[in-house]
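Okay, so here's the structure we're looking at.
The values are calculated or read from the model by the stated rules, or taken from the named source; none is laboratory data. Since this is a predicted model, take the numbers as computed values, not measurements. Virtual Cβ from ideal backbone geometry, glycine too; neighbours counted across all protein chains shown.
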Amino acid sequence: MKASSPSSSNTTRETLPKGDALGDPDCPHCHGAGYVRYDLPLGDPKFGRLEVCACRAADLAEGARERLFEMSRLDRLSHLTFENFEARGNRNARFMTPQDATSLQTARELTENFARNPQGWLLLEGGYGCGKTHLAAAIANLAVSMGRPTLFITVPDLLDSLRFAFSDPETTFEARFEQIRNADLLALDDFGTQNATAWAQEKLFQIINFRYINKLPTVITTNLMLDEIESRIRSRLQDEEFVAHVRITAPDYRRPTETSNPGISMLSLPEMKAMTFKNFETREDELGKEAVTTTTVEKQDRFGNRVRDKEITRLTVAQEDLNTLRKAVTAAILFAEEPGGWLVLLGGSYCGKTHLAAAIGNYRIDLGGQAILVEVADLLDYLRQTFSPKSDVSFDRRFNEIKSTPMLILDDLKESGTSSVWAEDKLYQILNHRYYAQLPTVITSTLKPDPFAVNYPGLWNKILDATKSQVHVIDMPPYRRMGRGKSAAGHRKK
């Protein structure tokens, strides 16, 4: 294949003064024209086409880098680097868990490795202020410093850039579109925040699909879950062989005193942190002693109305009662060591259920795992809050985070009817999903087996499945209040 100048080689050097030459005037191929036309047979795809001469390649690459850098406005983000990324999060964060810190450290390591050798795609998912944009900008800044043409842009800005290209005198829509989809490295920030028209959504898909087909390195940050992303794009993001999915669970760096997402776990509270298996009292010293308990019961008055009344009962702690507690403790320890299926703890108030449930969660967290402990009523309120105009997270995201969390501990499941039909329906959906997904779940309730079955028949049938669930009824009176000077952690049992 032989290169020739666009016009006669005898006239090119004479008709293109050095000041007007696009290429090198001394180039033996284009003689300064900057383009060449190869001598190819008729029918060849490149027959008759002008190609950029090699003498201009470096200048064109530099021009492409400058245009992408200008479009990125990375000069405003030049301070975002891997060196100043706080991999441990905000030191003033009140609800930072070991898992949150680990997610930050893992994200930093993976993104820095990607920046040095961009291959495939990198999807950074997490809530607002968790560090996604910092890491994506750090990737872009490092790539630019290494001479790689890089475009870092928010998705709304990308779509605006395409729209403005129609009236831009310095470029065309086609040229801008090609610039974006062919960028050597593309970082799309805040994916999902765009309010796109059908046209814009289609252009966004075309860019992503082009880069997917051509295996061009791409970074995407989003606060959406995969289920919330448009199906065609989601399908490509779910390619585990090509896309590295990094989920950051750390709380908002800018709001360190607020809870993480989904920051409802009581395990971060000081009193809950103190509940461990080591300081759980097996109450052997209460054998044979009389205990006085007060319970609230429903009765009918003389007019047939249902009223609540208090009953005082006296009982003597027997060995059988202590055995129920001992079996529950053993089951909780084994469940914490090897979580699987469901563990249901039933018993009266302050019999030790919540302490055992918290001990399970704390044990898993100490091993580097994840666990959420939440009272059922608080969980339902937490889901409702997403409908507030001030909420910065969707119901679907919050709902999916809860139902798919690695370990969910639901404390104090009350009788049916204490919550709305909607709330109880959502609770059942969460538990139904976890049952079939075989996700470790702990439930505590003051309901006895028969009332539990009456209040939640569908749930009780699942609990009776011995292959996936175990039930322990603790027949013990409430822990006695301890005198002054003794630890509070020992008697605040539920």
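Of the residues in segment 34-48, how many are charged (D, E, K, R), within 51 Å of the chain's Cα centre (by Cα) and modelled with pLDDT of 70 or more? Result for segment 34-48: 1. Got at least one residue in segment 167-185 being outside the structural domain of LYS390 (by TED's automatic domain parsing) and within 26 Å of the chain's Cα centre (by Cα)? For segment 167-185, residues outside the structural domain of LYS390 (by TED's automatic domain parsing) and within 26 Å of the chain's Cα centre (by Cα): present.
Screening segment 350-384 for residues that are part of a helix (DSSP H, G or I) and under 19 Å from the mean Cα position of the chain (by Cα) and picking the one that is surrounded by the fewest Cβ atoms within 10 Å (Cβ to Cβ) gives TYR382. Only one of the numbered conditions (1) exposed (fewer than 12 other Cβ atoms within 10 Å of the Cβ); (2) modelled with pLDDT of 90 or more is violated by PHE280, and that is (1). Please list, ordered by first then second residue, the pairs with beta carbon atoms under 7 Å, 6 or more apart or interchain, first in segment 24-38 and in contact (Cβ under 8 Å) with a residue 24 or more places away in the chain and acidic (Asp, Glu), second assigned to a loop (DSSP other than H, G, I, E, B) and buried (at least 18 other Cβ atoms within 10 Å of the Cβ). Here the result reads ASP24/GLY32, each pair linking segment 24-38 to a residue that is assigned to a loop (DSSP other than H, G, I, E, B) and buried (at least 18 other Cβ atoms within 10 Å of the Cβ).
If only residues of segment 97-122 that are of a type in the set (Ser, Thr, Tyr) and outside any loop (DSSP other than H, G, I, E, B) are counted, the one that is surrounded by the most Cβ atoms within 10 Å (Cβ to Cβ) is THR111.
Among the numbered conditions (1) among the polar types (S, T, N, Q); (2) out of contact with any Asp or Glu (no Cβ under 9 Å at 6 or more places or on another chain); (3) crowded, with 18+ Cβ neighbours inside 10 Å, the only one that THR150 does not meet is (2).
Here MET71 clears all of (1) outside the structural domain of THR171 (by TED's automatic domain parsing); (2) modelled with pLDDT of 60 or more; (3) part of a helix (DSSP H, G or I); (4) not hydroxyl-bearing (Ser, Thr, Tyr) except the condition numbered (1).
The set of residues in segment 227-243 being buried (at least 16 other Cβ atoms within 10 Å of the Cβ) and within 20 Å of THR133 (Cβ to Cβ) consists of ILE229, ILE233, LEU237, VAL243.
If the condition is being out of contact with any Pro (no Cβ under 9 Å at 6 or more places or on another chain), of a type outside the set (Val, Ile, Thr) and within 23 Å of ALA140 (Cα to Cα), then segment 82-106 contributes PHE82, GLU83, ASN84, PHE85, GLU86, ALA87, ARG88, SER103, LEU104, GLN105. Any chance segment 309-322 includes a residue that's surrounded by 12 or more Cβ atoms within 10 Å (Cβ to Cβ), touching a helix residue (DSSP H, G or I) at 6+ places or on another chain (Cβ under 7 Å), modelled with pLDDT of 90 or more and not in a loop (DSSP other than H, G, I, E, B)? Within segment 309-322 (the criterion being surrounded by 12 or more Cβ atoms within 10 Å (Cβ to Cβ), touching a helix residue (DSSP H, G or I) at 6+ places or on another chain (Cβ under 7 Å), modelled with pLDDT of 90 or more and not in a loop (DSSP other than H, G, I, E, B)), the answer is yes, since at least one residue qualifies.
Candidates are the residues of segment 123-153 that are of a type in the set (Ser, Thr, Tyr) and modelled with pLDDT under 90; the one that is farthest from ILE248 (Cα to Cα) is SER145.
Taking segment 175-292 and the strands (runs of 3 or more DSSP E) fully enclosed by it, the elements with 2 or more residues that are hydroxyl-bearing (Ser, Thr, Tyr) are at 218-222. The single condition among (1) on the phi < 0 side of the Ramachandran plot; (2) modelled with pLDDT under 70 that LEU104 does not satisfy is (2). Against the test of being out of contact with any strand residue (DSSP E or B) (no Cβ under 8 Å at 6 or more places or on another chain) and either in contact (Cβ under 8 Å) with a residue 60 or more places away in the chain or not in a helix (DSSP H, G or I) (or both), the options THR171, THR133 yield a single qualifying residue, THR171. Is it the case that some residue within segment 327-335 is within 28 Å of the chain's Cα centre (by Cα) and either outside any loop (DSSP other than H, G, I, E, B) or not aliphatic (A, V, I, L, M) (or both)? Yes, some residue in segment 327-335 is within 28 Å of the chain's Cα centre (by Cα) and either outside any loop (DSSP other than H, G, I, E, B) or not aliphatic (A, V, I, L, M) (or both). Of everything listed in (1) crowded, with 20+ Cβ neighbours inside 10 Å; (2) out of contact with any strand residue (DSSP E or B) (no Cβ under 6 Å at 6 or more places or on another chain); (3) of a type in the set (Asp, Glu), the single unmet condition for GLU125 is (2).
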